[in-house]
Amino acid sequence: MIRTIIFDIGNVLADFKWREYLDSFSLPDEEREAIERVLFLNPRWQEIDRGKVPEDEILAEACAEAPRYEASIRRIYSGAAEAVSQNSYAPALLRSLKELGYRIYILSNYGKTFFEDRLSCFEFLNYVDGRVVSYEVHSVKPEPEIYEALLERYKIRPEEAVFFDDLPQNLEAARRFGLSTVLVTGYESIVEGLRSFGIEIE
């Protein structure tokens, strides 16, 4: 029986629309492509989420890779938290689950500065019983350490928990710990996933 529900944030409870955010700067194609390459589509973005290397060092690396565009890189990075916005359904969804008596947790890859910038905007956090965010434990999904941190910190019994995430590799890693999983492709997939475990929300 499911008693615990675990949610990712990005593309589950909130949208990460970095392409739209980048569009808002109306950059020439060459400059835009360079910034995509050194920031958003670069492995260093995961290192921001991991939180081991200071963010200013990571940003300096990105600027060194595309020095012509340093000013734009720094300007875009400084406001990148704005690329994430809470999904309209998220607060009501978690509130309904809390009212039904479920324990709710967050397991998300997120950089420290960006996460702290969004705290006041994420109303759904008012309904969670706990969270593990990647920068806190210096591990990112799908690495096993971040799952271990959540399960151990909150004494979660995997056989009583289901994890909602938008990336198959993160769900595969969760299943290795005995968690049930649901692949999120939108709100309806969340509702259907809950229903598959006998959980009905209004």
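The values are calculated or read from the model by the stated rules, or taken from the named source; none is laboratory data. As the structure is a prediction and not an experimental result, all values here were calculated from the model. Cβ placement follows ideal geometry from the backbone for every residue including glycine, while neighbour counts extend to all protein chains displayed. Protein only, heavy atoms only, side chains kept; ligands, DNA and RNA dropped before computing areas. Shrake-Rupley method; radii C 1.70, N 1.55, O 1.52, S 1.80 Å.
Each row is one residue, and each column tells you yes or no for (1) under 19 Å from residue 15 (Cβ atoms); (2) touching a Leu at 6+ places or on another chain (Cβ under 8 Å); (3) open to solvent by less than 20 Å² (accessible area, probe 1.4 Å); (4) of a type outside the set (Val, Ile, Thr).
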{"site": "78", "(1), (2), (3), (4)": "no, no, no, yes"}
{"site": "106", "(1), (2), (3), (4)": "yes, yes, yes, no"}
{"site": "134", "(1), (2), (3), (4)": "yes, no, yes, yes"}
{"site": "148", "(1), (2), (3), (4)": "no, no, no, yes"}
note = Within the range 16-45, the residues that are part of a helix (DSSP H, G or I) and open to solvent by 80 Å² or more (accessible area, probe 1.4 Å) are 19, 20, 23, 29, 30, 33, 37
inquiry  = Can you confirm whether residue 111 is open to solvent by less than 80 Å² (accessible area, probe 1.4 Å) and more than 13 Å from the chain's Cα centre (by Cα)?
reply    = no
query = So, of the residues in the range 16-31 that are acidic (Asp, Glu) and closer than 25 Å to residue 122 by Cα, which turns out to be farthest from the chain's Cα centre (by Cα)?
reply = 23
key: Residues located in the range 54-108, provided they are in contact with a helix residue (DSSP H, G or I) (Cβ under 8 Å, 6 or more places away or on another chain), within 26 Å of residue 171 (Cα to Cα) and of a type in the set (Lys, Arg)   = 95, 98
key: Scan of the range 154-202 for residues that are exposed (fewer than 14 other Cβ atoms within 10 Å of the Cβ), under 19 Å from the mean Cα position of the chain (by Cα) and more than 23 Å from residue 15 (Cα to Cα), ordered by number   = 175
request  = Report yes if some residue within the range 86-98 is farther than 25 Å from residue 198 by Cβ and either in contact (Cβ under 8 Å) with a residue 12 or more places away in the chain or not in a helix (DSSP H, G or I) (or both); otherwise report no.
outcome  = yes
inquiry  = Among (1) in a helix (DSSP H, G or I); (2) open to solvent by 30 Å² or more (accessible area, probe 1.4 Å), there is one condition residue 52 misses while meeting the rest; what is its number?
reply    = (1)
